[in-house]
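Written below as structure tokens is the structure these notes are about.
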Amino acid sequence: MQFYALDENEFILASSAKRHKDYRCPECLNILRLRGGPHRHLHFYHLQASPSCKQHQKSLTHLQAQLAVQALLPEGEGVLEKPFLQIGRIADVAWEKQGIVFEIQCSPISAAEALERSEDYRSLGLTAVWLLHTRRFNKRLLSAAEAKLRQSSCYFTTINEKGQGIFYDQYEVIRGARRIHRGPPLKISLATPLFDAHGSLYFPGDLKDREYESPPQPPPTKRSFLKTLKRGYKMIFYSLLESLSK
Ligand SMILES: [Zn+2]
């Protein structure tokens with residue numbers, strides 16, 4: 001399901017479309033119809049299954065996460081389902097002013113497909129920021145794609161069908177395909193991207209940001225080393241005394 005369709009050759013937003021009329025999917029070109037109502041956002045669905053189409057695989061949760069990202073960005077800057085014809089891809093949310101596309105992932109994906117997608121956007125000068133949904137990701141066992149993606153701009157989201165939830169980073173220890181330690185969720189602010197000296201993207205609140213924020217620790221001086229040594233000797237001395245007095 002998705003928010004945009006083709007009407008003849010023009011893009012049309014679900015909120016401007018008519019019911020019972022045939023539209024086409026911008027990705028697979030199969031027939032789409034409108035659905036939704038007072039309690040659900042209007043959206044298009046594929047009249048017949050189109051297993052290889054990414055738009056067809058999208059769930060209501062996915063649409064809500066798209067809307068949640070868009071709502072966080074400055075008004076009018078986040079574009080939903082933006083097609084990039086040069087690479088044949090449709091970004092979930094494109095923020096071209098900042099050179100960012102948000103890719104929301106609620107379903108399994110191969111490492112090859114994930115990396116190819118990021119690489120395609122990079123060829124256009126865009127950084128793909130992955131938002132992995134916790135229904136499928138951030139479990140004890142990691143897929144190859146998750147392990148790879150977590151090494152770059154990749155976070156988690158808990159946004160549900162009602163549009164409630166957060167976007168977060170976390171401290172974690174990964175060994176092979178296992179997540180052996182997971183810290184608490186660290187809420188991030190997607191609306192204010194930051195760039196380090198190498199041009200790498202990060203966000204306020206994420207692990208990288210916290211790393212930069214913590215003040216640099218001074219190297220241990222000779223004096224403090226001697227102090228530690230002295231304290232050590234003192235402790236040995238007192239424990240000797242204690243054992244002698246027993
Ligand atoms: Zn399609």
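Among the listed residues Ile100, Ile90, identify the single one that is closer than 27 Å to Thr134 by Cβ, within 11 Å of the ligand (Cβ to nearest atom) and among the β-branched types (Val, Ile, Thr).
Ile90
So which residues in region 162-186 are basic (Lys, Arg) and surrounded by 14 or more Cβ atoms within 10 Å (Cβ to Cβ), if there are any at all?
Passing the criteria: Arg179, Arg182.
Please determine, by comparing only the residues of region 10-32 that are over 29 Å from the mean Cα position of the chain (by Cα), within 16 Å of the ligand (Cβ to nearest atom) and of a type outside the set (Ser, Thr, Tyr), which one is surrounded by the most Cβ atoms within 10 Å (Cβ to Cβ).
Narrowing region 10-32 to residues over 29 Å from the mean Cα position of the chain (by Cα): 10, 16-23, 31.
Narrowing the set further to residues that are within 16 Å of the ligand (Cβ to nearest atom) leaves 17, 22-23, 31.
The next check asks that each one be of a type outside the set (Ser, Thr, Tyr); those that pass are 17, 22, 31.
Values: Ala17: 19, Asp22: 10, Ile31: 16.
If we take residues in region 10-32 being over 29 Å from the mean Cα position of the chain (by Cα), within 16 Å of the ligand (Cβ to nearest atom) and of a type outside the set (Ser, Thr, Tyr), then Ala17 is surrounded by the most Cβ atoms within 10 Å (Cβ to Cβ).
So Lys58 passes all but one of these: (1) in contact with a Lys or Arg (Cβ under 7 Å, 6 or more places away or on another chain); (2) among the charged types (D, E, K, R); (3) buried (at least 21 other Cβ atoms within 10 Å of the Cβ). Which condition number does it fail?
Answer for Lys58: the failing condition is (1).
From the list Ile90, Ile109, Ile104, which residue is on the phi < 0 side of the Ramachandran plot, among the hydrophobic types (A, V, I, L, M, F, W, C) and part of a loop (DSSP other than H, G, I, E, B)? Give the derivation first.
Values: Ile90 fails: part of a loop (DSSP other than H, G, I, E, B); Ile104 fails: part of a loop (DSSP other than H, G, I, E, B).
The match here is Ile109.
Quick grid of which residues meet (1) outside any loop (DSSP other than H, G, I, E, B); (2) touching a helix residue (DSSP H, G or I) at 6+ places or on another chain (Cβ under 8 Å); (3) not aromatic (Phe, Trp, Tyr):
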{"site": "Leu6", "(1), (2), (3)": "yes, no, yes"}
{"site": "Ser15", "(1), (2), (3)": "yes, no, yes"}
{"site": "Lys21", "(1), (2), (3)": "no, no, yes"}
{"site": "Cys28", "(1), (2), (3)": "no, yes, yes"}
{"site": "Leu34", "(1), (2), (3)": "yes, yes, yes"}
{"site": "Leu42", "(1), (2), (3)": "yes, yes, yes"}
{"site": "Ser50", "(1), (2), (3)": "no, yes, yes"}
{"site": "Gln55", "(1), (2), (3)": "yes, no, yes"}
{"site": "Leu63", "(1), (2), (3)": "yes, no, yes"}
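The numbers here are math on the coordinates, done by the rules we state, and not lab data. No experiment lies behind these values; they were computed from the predicted model shown. Ideal geometry is used to build each Cβ from the backbone, glycine not excepted, and the neighbour counts take in all protein chains shown.
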